[in-house]
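Data block below; observations after.
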Number of protein chains: 2
Amino acid sequence: MASEFDLIKRYFSRPAPSAVLGVGDDCALVQARPGMTLAMTTDMLLEGTHFRAGTDARRLGHKSLAVNLSDLAAMGADPRWALLSLALPRADESWLDAFAGGFYGLAGRCGVDLIGGDTTRGPLAISVTLIGEVPAGLALRRDGAQAGDDIWISGATGEAALGLAHLSGRIDIVEPFRSGCIERLEAPEPRVDLGGRLRGLANSAIDVSDGLLADLGHILEQSGAGADVWVEQIPRPPGMVACADQALALECVTSGGDDYELLFTAPPHARGDLAVVSADLGLALTRIGSIVAGEPVAVLRDAGGNSIPVPRPGFDHFR
Amino acid sequence: MASEFDLIKRYFSRPAPSAVLGVGDDCALVQARPGMTLAMTTDMLLEGTHFRAGTDARRLGHKSLAVNLSDLAAMGADPRWALLSLALPRADESWLDAFAGGFYGLAGRCGVDLIGGDTTRGPLAISVTLIGEVPAGLALRRDGAQAGDDIWISGATGEAALGLAHLSGRIDIVEPFRSGCIERLEAPEPRVDLGGRLRGLANSAIDVSDGLLADLGHILEQSGAGADVWVEQIPRPPGMVACADQALALECVTSGGDDYELLFTAPPHARGDLAVVSADLGLALTRIGSIVAGEPVAVLRDAGGNSIPVPRPGFDHFR
């Protein structure tokens with residue numbers, strides 16, 4: 001059987017040109033560019049909790065980096081360096097080859113170098129730490145929303161939750177929508193380019209991992225403001241039409257997790273610039289509500305302006 | 001039951017004065033000091049692989065940070081910021097309180113701020129990423145050993161492996177040595193101050209996590225040099241006298257893992273400065289051999305200079 005050191009050498013030691021020193025010493029060494037603040041995030045993915053046993057290794061490699069890229073995007077930071085800790089039940093080389101392929105594939109597209117990590121034996125667990133740079137003072141924080149800001153969402157939410165509901169047998173989604181929803185769940189596309197473009201335009205931002213309304217709630221709590229959200233304005237994803245239970249589908253849109261869209265707030269005078277960003281990136285940006293003064297609560301409103309009940313809150317690992 | 005967000009708020013949200021932004025946003029934000037290179041390391045500890053079920057939570061909190069502090073020390077870097085990912089089978093508040101106490105206790109002594117992380121449900125797993133700073137060009141790398149360098153070890157190795165051998169019933173160590181060995185295994189003291197003092201003195205360094213000879217092997221491979229090690233010069237730890245099987249005890253000293261001493265090489269003209277460092281820190285530094293030109297192999301020699309067999313190599317998770 002290949003040793004721990006062989007495995008690291010074979011699968012996780014590609015050159016890291018942006019580092020002073022990459023994989024293979026006690027620490028990796030990197031140099032931040034002058035004037036840059038470092039943004040750091042970490043996420044752990046566990047079999048049985050964050051992904052189903054038997055999930056495609058290439059998609060896992062992709063997703064384990066994607067969820068961290070999404071956090072950096074939500075901060076307006078440009079990704080630079082990743083560290084990967086991997087616990088594996090056994091040294092399965094075809095699994096490792098596919099996982100590394102998914103990881104490095106996304107890393108290469110996003111300008112990330114893998115600079116270090118840890119490989120060990122245990123129940124399948126993946127922990128990625130990602131470090132990026134953002135010009136000092138320009139990070140997009142959760143606490144910056146201002147009364148009067150528009151509330152925006154990129155792309156559309158809900159497909160990841162629809163995919164999970166399909167895989168767990170709660171609903172049946174027909175092809176080709178089924179594959180789209182499952183790909184969204186297993187291999188989400190982080191909004192890296194959008195995050196960088198929002199610097200100087202958005203007042204606050206978060207990525208939608210717990211659910212659109214739950215993550216909006218985090219912005220409201222930290223900004224000390226409320227929100228009106230127009231339910232009819234929330235974009236519906238393509239996969240939603242394939243779902244017989246439209247109430248459940250809407251719940252996935254407003255409250256499903258794992259979509260990794262960016263939810264952000266910006267003053268109304270930024271609308272023109274945001275239209276340019278949307279066109280440049282080929283990515284829909286939709287205005288779904290407004291920040292208002294008051295208690296940190298999101299009120300969901302129908303087309304007539306009437307308050308309607310909010311579907312179940314987002315995902316919490318310990319509830 | 002407390003929610004994920006409550007747990008993070010209650011146990012892992014102490015102020016992080018050295019950060020621009022600590023726990024609670026998509027990313028943490030930090031600012032490196034001018035002229036500093038960043039050193040980054042990550043380690044994952046799993047129940048059943050790295051520690052026994054039922055290990056004291058306070059010691060686990062301490063150790064999960066200590067192993068990373070040791071990597072930074074081996075690089076000559078000053079620790080600054082930590083990220084913690086924690087998978088827990090359940091939200092056990094007394095366990096969390098003790099774990100956080102052990103983690104923050106060591107962090108406070110070493111100038112580390114916890115700036116972010118992730119809490120999730122799953123089999124007990126702890127992943128810590130630690131970031132430090134080292135003046136540009138002064139990092140202690142594994143590839144810097146030069147023929148003629150002295151080989152040094154801090155403190156003494158072997159007690160962690162003796163503690164593990166006792167706990168697993170292979171040997172019996174009497175008190176008070178038993179407690180010392182088990183404490184060494186479960187709550188090692190990283191050589192943080194020594195790492196900083198070795199900048200400009202040592203040519204190469206590594207921390208002893210896999211075993212003294214195995215870790216020396218990493219220096220030799222990366223430096224392209226060999227070594228003569230005088231077995232009689234290798235310091236014996238206090239706990240060794242309490243072990244009836246002296247051959248096994250010596251194997252623990254030369255090849256046992258988890259000691260987190262620093263193994264380093266330095267030119268002979270640094271001996272005087274190293275004596276001062278040793279006295280200042282109250283920490284033994286012992287010269288155990290020399291780097292020699294040739295194949296990257298450590299030859300163990302007895303007092304007469306004769307080559308003797310090398311005990312089993314260090315720990316490898318996948319062998």
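The values are calculated or read from the model by the stated rules, or taken from the named source; none is laboratory data. What you are looking at is a predicted structure, and each value in this text was computed from that prediction instead of being measured. Don't worry about glycine lacking a Cβ; one is built from the backbone with ideal geometry, like all the others, and counts go over all protein chains shown. Remember, those area values only see protein heavy atoms, side chains included, never the ligands or the DNA or RNA. Shrake-Rupley method; radii C 1.70, N 1.55, O 1.52, S 1.80 Å.
The table below lists the values:
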{"read-out": "Inter-chain Cβ neighbour average for residues B:126-134, partner chain, 10 Å", "value": "5"}
{"read-out": "Accessible area expressed per residue, the protein assembly as shown, with surrounding protein chains retained (probe 1.4 Å, Å²)", "value": "37 Å²"}
{"read-out": "Estimated dipole of the range B:189-319 in Debye, rounded to 20 [Cβ of Lys and Arg +1, of Asp and Glu -1, Cα centre]", "value": "300 debye"}
{"read-out": "q = 0.06, 0.09, 0.10, 0.12 Å⁻¹, the protein assembly as shown: log10 I(q)/I(0) [Debye, one scatterer per Cα]", "value": "-0.35, -0.74, -0.88, -1.20"}
{"read-out": "Simple label model, 7 Å out from Cα along Cβ direction - A:Asp193 to B:Val174, nm", "value": "7.4 nm"}
{"read-out": "Binned Cα-Cα distance frequencies in the range B:186-250 - 10 Å width, integer %", "value": "15, 39, 36, 9, 0"}
{"read-out": "Zone residues, the range B:24-66, relative to A:Ser13, backbone N less than 17 Å from point 7 Å out along Cα-to-Cβ", "value": "none"}
{"read-out": "The range A:119-161: mean projected area of Cα convex hull, nm²", "value": "6.8 nm²"}
{"read-out": "Kirkwood Rh and Cα Rg combined as Rg over Rh, evaluated for the range B:1-136", "value": "0.96"}
{"read-out": "Prolate/oblate/rounded call for the range A:119-221, Cα gyration tensor, a/c under 1.5 rounded", "value": "oblate"}
{"read-out": "Protein-protein interface of the range A:35-64, residues with accessible area decrease of at least 40 Å², isolated chain reference, 1.4 Å probe", "value": "A:Thr37, A:Leu38, A:Met40, A:Thr42, A:Met44, A:Leu46"}
{"read-out": "Magnitude of the charge dipole, the protein assembly as shown, Cβ model with Lys/Arg +1 and Asp/Glu -1, debye to 20", "value": "360 debye"}
{"read-out": "Accessible area that becomes buried as B packs against A, both chains, 1.4 Å probe, Å², nearest 100", "value": "5500 Å²"}
{"read-out": "Accessible-area composition of the range B:185-319, carbon plus sulfur, in percent [1.4 Å probe]", "value": "52 percent"}
{"read-out": "Once the Cα gyration tensor of the range A:210-319 is diagonalised, semi-axes √(5λ) in Å", "value": "21, 19, 15"}
{"read-out": "Net charge dipole size for chain A [Lys, Arg +1 and Asp, Glu -1 on Cβ; Debye, nearest 20]", "value": "300 debye"}
{"read-out": "Per-residue [θ]222 nm for chain B (sum of -39500 (n - 2.57) over DSSP H runs n ≥ 4, rounded to 500)", "value": "-10000 deg cm²/dmol"}
{"read-out": "Global form of chain B, assessed from the alpha-carbon gyration tensor, a/c cut-off 1.5", "value": "oblate"}
{"read-out": "Shape of the range A:63-196, Cα gyration tensor, a/c cut at 1.5", "value": "oblate"}
{"read-out": "Reachable aspartates and glutamates from A:Lys9, criterion Cα separation under 16 angstrom, eight or more residues apart if same chain", "value": "A:Asp25, A:Asp26, A:Asp92, A:Glu93, A:Asp97, A:Asp113, A:Asp118, B:Glu221, B:Asp316"}
{"read-out": "Threshold 10 Å², the range B:142-184 residues less accessible with all protein chains present than alone (1.4 Å probe)", "value": "B:Arg142"}
{"read-out": "Residues of the range A:83-115 buried by at least 20 Å² on assembly (accessible area, 1.4 Å probe, chain alone as reference)", "value": "A:Leu83, A:Ser85"}
